Each structure stands twice: as structure tokens, then as C-alpha cells.
Amino acid sequence: MAENELKQILTQLDTLKANNLSEAPKLLSRAKLALLNLNALVPTEQTQPQHLALAASLLEYGALISIRLQDTDAFTRYFQQLQPFYSLPSDRLGSRRQSNQGKVTGLYLLLLLSVGDYAGFHTVLEGLEASSGKEQIEKDEFIQYPVRLEQALMEGSYDKVWGETKGERVPSEEFGVFSEVLVNTIRSEIASCSERAYPSLPISNAKNLLFLDSEGAVIQFAQSRGWVAKEGRIYFPEQEQEMLAAQKDVMSSSNVVIENTLGYARKLETIV
Amino acid sequence: MADKMDVDAVNGEREEETVGPASDLPPERIIINNFDLIRQAVDAFDSRFILRALRSISTLRKSDKFAEAIVQGVRTAFPKPSMGARKVLEDVLPDNVTAMQNGTSAPSAEDKKKDASAEEQQLPEIWAYLGILVQVYLYDTQQFQEGADFSTNFVEKIRSWNRRTLDQIGAKAYFYYALFHETLDPKPPSKQSPVIEVRPKLLAALRSAVLRKDNDTQAAVTVLLLRNYISTADITQADLLVAQTQFPTAATNNQVCRYLYYLGRIRAIQLAYTEAHDHLESATRKSPTTGPAIGFYSQSMKLQIVVELLMGDIPERSVFRQPALEAALYPYFKLVQAVRVGDLQAFLRCVTNNEGQFRKDGTYTLILRLRQNVIKTGVRMLSLSYSRISLRDICTRLHISSEESAEYITAKAIRDGVIEATLDHQNGHMVTNPQRDAYSTTEPSEAFHARIEALLGLRDECVMAMRYPMNKHRQELSEAAKARERERELAKEIVEGEGDDGDGDEGGFEGM
């Protein structure tokens, strides 16, 4: 009974068009109720293989749909719910038409990357390496994509990140959701690098560096970061302030020195 | 991932050096002598005797008559074949040994001890000690499934007793319990491994150990759980365990070493390199560097080298010169060389050549993260050698794919404080700022402070680690009581004297 309903909902979700995605959450919550009736929302010893397969597919649909709806909290929830299913032996899951495991995991990695949670990113990656082996991961385009992005981000090849977020390089449309976020991330990274690296910068060059469309956008961006744009060049006022701050630092460090020396004296006294 | 032998080895370290005079006795004698030690321990409530009994295991297991010796020990302790405890132990020992012993030699030993043991009503400690021997025997003969089944019942029994003199034995029992389950198929990285099933048991053991203030079991089980989580790469759980529990300060050095190693591993994966480095440094310093423990030492050394590289430091050359580690660390030596000069090609070559080794050590994913460090070092080398260099040259020298990438990479290096330079976008080159004098900054005083802090910390730890004899304070108490007694008598005498003399001598009291 509940099983039939579940299958029905799955086919409905499958045929759901992009314009009525907002229907999906309702369908999903009905499906989850059905799963609970089948006792299959969390896999146990007794759950039947076909139910497990149904549950896994449903949760994957849920994850993908919540990404399309840009509901990252829901996505994280679905991802966590899927974990016990992914750790089951493959023969228990029965024959599934296709597994979206790589896709969902890749999306989760990308999500962690876009919020800057590098520790979480590496923790998940470490788990993947251990559980599914190297070949599996290197074959999986969906997982390689965030891995490549992370590498480029860490070494600072921002132009590679920019290239990766362009339409044809993105492995599937769900991944495109993060492109906007990532571009913003690298833009602010580049901005903070530029502040320190260049004494000043012509606006036309800044446009290319920051991947902005027009010079007007550059000036707007410059203002939002508090840069000064005059005579066709951008000047970074923060540099000078920091130079001043550094000088003050040396002066104010005398306090620290006194404190440390007093500390040594006190310690020495307790020892002797 | 640390090999099982490594952890085992740390355990073996002390055993090896203190075998002493017992080693030339026949194994069954050692076992029976140990019964006396254990009895003494229970009577005096002093765990050191138990530790001494446990130490001889490494000698025992090397003997080729180990099984026979255990059977004899069991017979001695439990003379009646009908005793339940004896049955449990003998069930897992090989049939031919038990049968043979039934025939000839056993009765004599039995007879001798019969009178003594009848009144003994065997101590649980002795039974548990024999249980450990059985575990060791099963492990050495690779009967992992039997060992796992036996251990499951065994630790359950130990937990039900709740005796403080059983703590050390219990800790060891859990160690073998976890070890057996680790060796069962499918092996750990798989998510269906039996190690996952033992987690609830270990957690329950941890809970009871904490409630009973059983430091030994608590330390051992915490370490086992961490190892368990890390073996299936459940880093988040391991991290939560560390956050929710307190590692007993009174734990033995070996357990502290392991704990620090696993902690270092967790932190390294979470990118907290400074913290990881601290933990690993203490682990390597505390760990014994000779004997069977060399496995653990080299394992933690490898991890420490990688973490040091990730922090941007270059490990000292002397690390690689240690004779015992030279061969084991060779791939890492090559790696350090590549990182040190910032040669991306050599680095990638080294990683692909030694991939198998790195994977085995569980450092592979960490090493992959080094890529950016190599590039950074490369940029720094260039900036040190040229006062002005074009971006195109940077590209060719560091094998970067495009000039734009090179520009972003150098900009990031400047922002991260790796180099002191500025970029000239129009002409496309990098200009290095002249070096500032390090002694005009606060850096020397900071380094000085760090060293003093470390030394003071060391001293504090030493003071805390000092051991005092158990009953010293009782002795003092009784002395104090005696002194009070004397005082009272004196006071009485004085009062009596006062009656005689009429006027008291106030000074007398002050002298007291």
C-alpha cells in the first residue's frame, strides 16, 4: 500500500518540470511518511532490499531538488540521512536504476567549499578515500569537480576557478547553483590579495582581474571595499593604514615584553 | 593508518626490558609464580604487582610450549574439571594439548597444589589473567574468529566484577577484544567491518570505567575507540569523542602516546596543523624509540614530518639520520627535498612513485594538500633570488599553466605573507621589497618567549609527574597523632608542676 504510493510519488518526481518545483516539497514529505510506514527511513537489519532502494532513491531526489530550490539546510539533512544507506553493502541495496551517490556527495563537497568549511571538506574527502577507494573517486566526475576547485582555490589559481564555473565545464545543472557563490568568493579573495599586492591598478585591468563585466561595475565594487578610484586608477588606502598599524605594533609591544619578563620573574621565584 | 603491530609494540616496550630473571624458568612456572604476584596485589591492594605479572606475557608468548603452559596454569588454578571457569578457558585451547595434559604431567602438578587451591576459592584476577593468556594465544595462532567470540564474553565478565585490582587486566582484555575484531573480515575501511559492531560495547566500557574511576580501562578504551573511528575514517565521530571525554591524567605513558598520536591525526585532517603538530611532537618525544615500539615511533614521525611540511616548516635533517628510521623515512626524505626547493615536478614525481607507501601510512591525502606549499616555496625562492622577475618567467620556472594563474598565485603569496613584494600589472612583473632586518621586529623576543614557555611547561609537568609512596601520609598522620599525644602529656606534666611550683613557666609552652 505505502509501497505503491511511494513508487507513484517517485515517478511523479521524475517527471516534475522545472517550473513547478515548488510542488516537490509536499510530495517529498508525503513520501517520507510512506517511508516511515514501511520502516525504511532509517535502514535496519529487517528492512527489505527493495524498500531500501526506494528509500535511497527518494532521499537522493530530495537532496537534488532541495539544491535546485537553493535550500541548503534541507540538502544537508538529506545528505546526512543518506549516509547510512551509502554505508550498506551494495548487494543489500538491490538493483537500482542508477545511483546518484557521486552526485550528491559532490554537491555536498561543493556546499562545504562555498561556505568556506575546508576542515569539513577534507574530513568528508578522507572518509570517501577510505571507504570507496581511489579509483572510484578519480573516475567520478562529480567528485573530481569540487576537488579540482579546492586545489585551484588553495593554490590561488583563481582564473582556473573562474573557468570551471563556466557553463560547459560544470558537470550537471545542480552544480551550477554554486557557481554564483563561488565567483563571489574568489572575487573577494582576489580583492584582498590585490589590496596587498599592487600599489595601484588601472581600472581596465582591474575589470579583467576581478572578472567583472564593465568599468562601472569595477567602480561600484571598489567603492564597496572602500578603495579610491581616481584618474583611471584604483588606489588601496588600507595599505597605508596597515603600515601605520605595524609601526604602532612595535611600539606597543613593550607592554608585552614587560609582562613576559614579570612572568619569568614570578616563575623563577616559584622554582627557586 | 598505524599498523596493529605498532600499537602492540608500544605495549611490548616495557615488557621487553624488565623480563629479568624470570626468563629462564619454564613457562608454566612463570605463570604459576605470577599467581602469587596477583594474590599479593589483591591482598596489598597494589596494582604494581599485577603490572609485573602482565609484563611476562611477552616472554611467555615466545615459548613454543605456550599452550601447554596455559593449560597447566588453568589446571593449577582450577583443579576440578567440572569448574565452570576452567571449562570456559579450556574450550578454546587445542584439544590435543588438553588431552595430553590429562594423561601424564598434569596430575603431579595438580596434586601438589591441590590442598592449597581448595581453600583458595580462586580470585577473579587469576581467572582474568589466564583469560588474557588465552587471548594472546589465540591471537598468535591466528584464530581470530574464536578469539573475537571468546573476548566478547570475557570482557563482559570482567565488567560485571567491578574490582579495582582487575583494572589493568581489564584494560588489556579490551585491547585484545578490539584487536580481534579488527582482524576479522571485512577489514576496517569497509563500512560493514565488525569494528563498527564493537563500538557500543566499547562506549559502555568507557562509561563504566569513568563512573568507577578506573583510569586504566578508561585510557585504554578511549584510545581503542579513537583508533576504531579513524580506521573507518569517521573523523567527525572521533572528534566528538575527544570533545566529550576527558583523557585521564594518570594514564600510563604508552596510552598517552597513542592518544596524542590519534589526536594529532584528527587535527591534521581538520587542517588544524599547529595543534596537530603539538600533539604529534609530544607523542614522538614521549614514545620509546627503540625495541618493538619503533613501529609506532616511525609512524608518528612520518605524520609529524608531513604536518610540519604543511605548516610551511622544513623538518630537520637529523630526523632522517636516525639509523632505525632511515629506510622507513626515505620516501619522506625525497618529499621534503622536493618541497624545500619548490620543485613541483619533482614533488609530483615523488608522490606518484611512492603512492603505495603513502597510502599505507595514511598520509596520502595529507600529502596531496602539500601541492600549494610547493608552489608557495617556489615563489619564495624566486622572490629571494631576483629583485625583479617577469610573470612569464615565473610561469616557466614553476610550470604554471598560464600567466594569469601566476599573477593570482603571487598575489595570494603576498597576501599570505609568504613573500614581501609588489606586483606591477602593466609591465607584468613582480618586484621584491628589500628584506627588513629581523632583529628590528618582535620576532626574536617571540621565539625567546616560546622557548621559555616550553621549558616552564616541562618543569610543571615534571613536578606533577612526581610519585609519592602510597601510605606516606598515613605515616605522617600517625606521627602527628603521636606528637599530639606527647604534647598533651607534657602539658599535663606542666600543669601538675604548676601546682607544685605555684607559678608557671610560660616559655615552656612556646617551646612546644
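Out of A:Leu82, A:Leu59, A:Leu93, A:Leu111, report the one residue that is at pLDDT 80 or above, buried (at least 19 other Cβ atoms within 10 Å of the Cβ), more than 25 Å from B:Ala238 (Cβ to Cβ) and not hydroxyl-bearing (Ser, Thr, Tyr). Testing whether each residue is at pLDDT 80 or above, buried (at least 19 other Cβ atoms within 10 Å of the Cβ), more than 25 Å from B:Ala238 (Cβ to Cβ) and not hydroxyl-bearing (Ser, Thr, Tyr) leaves just A:Leu59.
B:Glu420 fails exactly one of the following numbered conditions: (1) touching a Ser or Thr at 6+ places or on another chain (Cβ under 8 Å); (2) at the interface with chain A (Cβ under 8 Å from one of its Cβ atoms). What is the number of that condition? Unmet for B:Glu420, out of (1) touching a Ser or Thr at 6+ places or on another chain (Cβ under 8 Å); (2) at the interface with chain A (Cβ under 8 Å from one of its Cβ atoms): (2).
Set side by side, the residues B:Arg258, B:Arg227 differ, and just one is assigned to a helix (DSSP H, G or I), within 14 Å of chain A (Cβ to nearest Cβ), crowded, with 22+ Cβ neighbours inside 10 Å and of a type in the set (Lys, Arg), which is B:Arg227.
Taking every residue in region A:122-133 that is more than 7 Å from every other protein chain (Cβ to nearest Cβ) and under 16 Å from A:Phe79 (Cβ atoms) and pairing it with any residue that is modelled with pLDDT under 85 and surrounded by fewer than 21 Cβ atoms within 10 Å (Cβ to Cβ), at least 6 positions away or on another chain, the pairs with Cβ-Cβ distances below 7 Å are A:Leu128/A:Ile137. Residue-level check: of (1) closer than 22 Å to B:Leu384 by Cα; (2) in a helix (DSSP H, G or I); (3) facing another protein chain (nearest Cβ under 10 Å), B:Ser445 misses just (1).
Within region B:187-224, restricting attention to residues that are of a type outside the set (D, E, K, R), part of a helix (DSSP H, G or I) and within 14 Å of chain A (Cβ to nearest Cβ), the residue that is nearest to B:Gly170 (Cα to Cα) is B:Val195.
Note on region B:331-383: enclosed helices (runs of 4 or more DSSP H) holding 1 or more residues that are away from chain A (no Cβ under 12 Å) and basic (Lys, Arg) are B:344-353, B:355-361. The condition (being under 25 Å from A:Ala191 (Cα atoms) and either among the charged types (D, E, K, R) or under 36 Å from the mean Cα position of the chain (by Cα) (or both)) is satisfied by just one residue among B:Glu355, B:Glu446, B:Glu407: B:Glu407. Of all the residues in region B:384-398, those that are within 25 Å of B:Ile305 (Cβ to Cβ) and away from every other protein chain (no Cβ under 12 Å) number 1.
Of everything listed in (1) more than 13 Å from every other protein chain (Cβ to nearest Cβ); (2) assigned to a helix (DSSP H, G or I), the single unmet condition for B:Ala411 is (1). Looking at region B:344-354, can you tell me whether even one residue there is in contact with a Phe, Trp or Tyr (Cβ under 7 Å, 6 or more places away or on another chain) and over 13 Å from B:Leu309 (Cβ atoms)? The answer is no; no qualifying residue exists. Do you know which residues across region B:261-282 are within 10 Å of another protein chain (Cβ to nearest Cβ) and either over 19 Å from B:Ala220 (Cα atoms) or free of Cβ contacts under 8 Å to residues at least 24 places away in the same chain (or both)? Scanning region B:261-282 gives B:Arg267, B:Ala268, B:Ile269, B:Gln270, B:Leu271, B:Ala272.
Each row is one residue, and each column tells you yes or no for (1) under 23 Å from B:Phe180 (Cα atoms); (2) charged (D, E, K, R).
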{"residue": "B:Val195", "(1), (2)": "yes, no"}
{"residue": "B:Arg199", "(1), (2)": "yes, yes"}
{"residue": "B:Ala209", "(1), (2)": "yes, no"}
{"residue": "B:Leu225", "(1), (2)": "yes, no"}
{"residue": "B:Thr245", "(1), (2)": "no, no"}
{"residue": "B:Arg267", "(1), (2)": "no, yes"}
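Residues satisfying the criterion are absent from region B:457-465 (criterion: in contact with a Ser or Thr (Cβ under 9 Å, 6 or more places away or on another chain), within 30 Å of B:Cys395 (Cα to Cα) and within 14 Å of chain A (Cβ to nearest Cβ)).
Considering only region B:167-186, how many residues are in contact with a Ser or Thr (Cβ under 9 Å, 6 or more places away or on another chain), hydrophobic (A, V, I, L, M, F, W, C) and in a helix (DSSP H, G or I)?
Total satisfying the criteria: 5.
Scanning region B:423-437 for residues that are under 23 Å from A:Lys207 (Cβ atoms) and either more than 11 Å from every other protein chain (Cβ to nearest Cβ) or among the acidic types (Asp, Glu) (or both) yields B:Asp424, B:Asn427, B:His429. Among the residues of region A:196-225, which ones are at the interface with chain B (Cβ under 8 Å from one of its Cβ atoms) and either surrounded by fewer than 16 Cβ atoms within 10 Å (Cβ to Cβ) or not hydroxyl-bearing (Ser, Thr, Tyr) (or both)? If the condition is that a residue be at the interface with chain B (Cβ under 8 Å from one of its Cβ atoms) and either surrounded by fewer than 16 Cβ atoms within 10 Å (Cβ to Cβ) or not hydroxyl-bearing (Ser, Thr, Tyr) (or both), then A:Arg196, A:Ala197, A:Pro199, A:Leu201, A:Pro202, A:Asn205, A:Leu209 are the ones that fit. All of B:Ser440, B:Ser402 fail the test of being within 25 Å of B:Ala346 (Cβ to Cβ), within 9 Å of another protein chain (Cβ to nearest Cβ) and surrounded by fewer than 17 Cβ atoms within 10 Å (Cβ to Cβ), apart from B:Ser402. Residues in region B:279-313 that are outside any helix (DSSP H, G or I) and within 21 Å of B:Val374 (Cβ to Cβ): B:Met311, B:Gly312, B:Asp313.
The values are calculated or read from the model by the stated rules, or taken from the named source; none is laboratory data. Because the structure is predicted, anything quoted here is derived from the model rather than measured. Heads up, the Cβs are rebuilt from the backbone with ideal geometry, glycines too, and the neighbour counts pull from every protein chain shown.
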